[in-house]
Amino acid sequence: MVEIDKTRFDRLQEEMERENVDALICRLPENVLYLSDYWAQQGLSLAILPKGEEPILLAPEVEEPYAEKSWADTRIFGWGLVGEDDLFSSWERLLSDIRDEQSLQNSTVGVETSFELVAPPYNVMEPVGVGKPTLNLIEKVFSGGEVVDATGLLEKARSVKTDYEQDKLRVANEVAALGLARFEEEVLPGKTEAQVAAAVEQEIRSKGAGYKGANFARASAEIRTGPGSFETLLFVPSRSERITEGDIVLLELPTVVDGYWSDLTRVTVAGRPTKKQKEIHNLVSKAQQAAIDRMSPGTSWGEVDKAARETIEKGGYGDNFPHITGHGLGLRYHENIPMLYPGADDELESGMVTSVEPGIYIEGWGGIRMEDNILVTEDGPELLSTYDRTL
């Protein structure tokens, strides 16, 4: 068990006190990570945080070498081998023990029942959710009390990142930068979108594991090339299309390192950029910087969006910027706090992390988007993603 992030838990305890929640029980990998600092491998772990106490982690035996490095009281159960209990029987037994140890028989227990977008465990092929079987089990074990939705509590607590979390996000952005560098090398006429995407992912997986002590690194690089349309540039699954000379090539790059995420977008040109490509790129860069410059505690989310949007409007492309300026991130690729959209009244707080990603998309020509991750601080915005943004 390693030293706990006290700032994180003080914040969680404050939110639990405010919401009159006596204990949290989390199954979603992102919230298991938040409570225990363990990024589940298969998504079969539970994390429990009784109010005023340290967290408890329930993890399958096959993950013990990694789970024991968490900052929680880790309790192991057998799973997947002949003769062992099924998952829910093990959970029921261990949760009942915790209930009795912590005197939670008549308590209010918070569960993350309203998360609809969720971050995957390390095994991204099988994301998990909180379904009726899990909820039924928790309600059975804590039948003497009340089970309530703790989604809002968790989202609010997670929205402000501690120093520990900020350091993790810096590392995630540094690992992502390895992929950005490979992207620039790979954009050559004749290569397919899928080939470039695979090379970017390979760079991150091969060099990210072990980077500054990281255990695991993954990415999902998506490439789009050619004139396309703004609809397809907003969603960019990599295809078998080949890059041709002069194409704009866009990379959308979510990267996760030990459960902490970065979300970056870059564009380059296969060959020498044209005057219009440079002009659009410079305008998007200017809009992004205008938004970043407005990011300070107390500024409304809408004001940040407005700064980027007005810059693009003044450049004559207001109708070609159809999406919001940014979103929160941290333990998920897209978090709900903050959301930088027109008219949003909520205010930024020191410690929040958000993407800033204005773009211009022109039917039959293509699109340019630039996305970086920004930490809001009392001393001004900190750019977590420092990789070159020039064209």
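Readers should treat all values here as calculations from the given coordinates under stated rules, not as data from a laboratory. Predicted, not measured: the structure shown is a model, and the values here were computed from it. All Cβ positions, glycine included, derive from the backbone under ideal geometry; neighbour counts span all protein chains shown.
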Report task. Return the single residue from 105, 288, 41 with maximal mean-square fluctuation; model: Gaussian network over the chain, springs between Cα atoms under 10 Å. Result -> 105
Query raised in the report: What is the chain's relative contact order, in percent, from Cα pairs under 8 angstrom and six or more apart in sequence?
Result: 13 percent
Query - Anchor residue 278: lysines whose Cα lies under 18 Å away (excluding residues fewer than 8 positions away in-chain) - result: 286, 314
Query raised in the report: What ranking, highest mean first, results for peptides 376-386, 351-361 when packing means the other Cβ atoms within 10 Å averaged over each residue?
Result: 351-361, 376-386
Query - Distance from region 44-108 to region 145-219 (C-alpha centre basis), Å - result: 28 Å
Query raised in the report: Local charge sum around residue 324 (other residues, Cβ-Cβ under 14 Å, Lys/Arg +1, Asp/Glu -1)?
Result: -4
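Mind ordering 184-193, 112-121, 242-251 by average Cβ neighbours within 10 Å, highest first?
Numbers: 184-193: 15.8, 112-121: 17.8, 242-251: 19.8.
So the peptides 184-193, 112-121, 242-251, ranked by packing, come out 242-251, 112-121, 184-193.
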Report summary line: For the chain, longest principal axis from Cα atoms; helix 163-186 axis from its Cα atoms; angle between them, nearest 10 degrees, is 40 degrees
Report task. Among [x] 1.01; [y] 0.96; [z] 1.17, find the value of Rg/Rh (Cα atoms, Kirkwood Rh) that was calculated from the structure presented, and write down its label. Result -> [x]
Query raised in the report: Excluding same-chain residues fewer than 8 positions from residue 207, which lysines have a Cα within less than 24 Å of its Cα?
Result: 69, 168, 191
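If you count the DSSP beta bridges with both ends in the chain, what percent of them are antiparallel, to the nearest 5? Mind showing how you got there, number by number?
Details: 41 of 53 bridges.
Around 75 percent antiparallel, to the nearest 5.
Could you please rank 77, 88, 183, placing first whichever residue has the fewest other Cβ atoms within 10 Å of its Cβ?
Ranked by crowding around the Cβ, least crowded first: 88, 77, 183.
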